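Have a look at the structure below, then the notes.
The values are calculated or read from the model by the stated rules, or taken from the named source; none is laboratory data. As the structure is a prediction and not an experimental result, all values here were calculated from the model. Cβ placement follows ideal geometry from the backbone for every residue including glycine, while neighbour counts extend to all protein chains displayed.
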Amino acid sequence: MAAQHAERRATAATVVGGPPGARRFTGDPDVTSGRTVVAAWRAPDGSPRTGEVTVVSGSGAPGSPVRIWTDGAGVPVPPPMAPGTARTHAVLGGIGAFLLAAGCVEAGRRLVVGRLVRARYARWDRAWADAGTDWGRAGTGSGEPEPHGGR
């Protein structure tokens, strides 16, 4: 926003007529309505310029003054971003960065927990395989003598 305010300047122009051809937007992006007119103004070096610019509805009659924004060479550009719009962009950018960082942390957490769970299940599988089919039943061929002399 600061760079836009530094490189763009408001310039007084005079409406010369309506648009001669195709429509080109060089007006305020915060203003949704407007119309294209041909205007004349002076560049920063003093040379006369004429071109198509977008003006707010209701203005733009031939001979009427309009305010346009130009760059250092006198070429029409959109006006600099409004402080409210810049604030909105900053807030949305901050929220987006936070959500992206939180998503990366959550993805990393899920990867680590998933690997830990898979390792635990693998240990359980090995323990069950070591126990065999007679996992704890007394006297079912586990190699232990039967209680009370085998009666």
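For the stretch 80-101, state whether one or more residues are touching a strand residue (DSSP E or B) at 6+ places or on another chain (Cβ under 8 Å) and either modelled with pLDDT under 90 or surrounded by 12 or more Cβ atoms within 10 Å (Cβ to Cβ) (or both). Break it down stepwise before answering.
Here is the first cut: in the stretch 80-101, the residues touching a strand residue (DSSP E or B) at 6+ places or on another chain (Cβ under 8 Å) are 80.
Narrowing the set further to residues that are either modelled with pLDDT under 90 or surrounded by 12 or more Cβ atoms within 10 Å (Cβ to Cβ) (or both) leaves 80.
Yes.
Test residue 44 against the criterion of being assigned by TED's automatic domain parsing to the domain that holds residue 16, within 26 Å of residue 5 (Cα to Cα) and modelled with pLDDT of 90 or more, and give yes or no. Steps first, please.
Values: assigned by TED's automatic domain parsing to the domain that holds residue 16: yes; within 26 Å of residue 5 (Cα to Cα): yes; modelled with pLDDT of 90 or more: no.
Judged against the criteria, residue 44 is not a match.
Quick check on residue 101: is it assigned by TED's automatic domain parsing to the domain that holds residue 44, on the phi < 0 side of the Ramachandran plot and small (Gly, Ala, Ser)? Write out each step before concluding.
Numbers: assigned by TED's automatic domain parsing to the domain that holds residue 44: no; on the phi < 0 side of the Ramachandran plot: yes; small (Gly, Ala, Ser): yes.
It is false that residue 101 is assigned by TED's automatic domain parsing to the domain that holds residue 44, on the phi < 0 side of the Ramachandran plot and small (Gly, Ala, Ser).
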Original post:
Scanning for something modelled with pLDDT under 90 and among the small types (Gly, Ala, Ser), does the stretch 49-56 turn up at least one residue?
Top reply: yes
Subject >> Pair list, Cβ < 6 Å and 6+ apart or interchain, from the stretch 45-69 residues that are within 20 Å of residue 82 (Cβ to Cβ) to residues that are among the β-branched types (Val, Ile, Thr) and modelled with pLDDT under 85 >> reply: 53/26; 54/26; 54/36; 56/31; 66/55
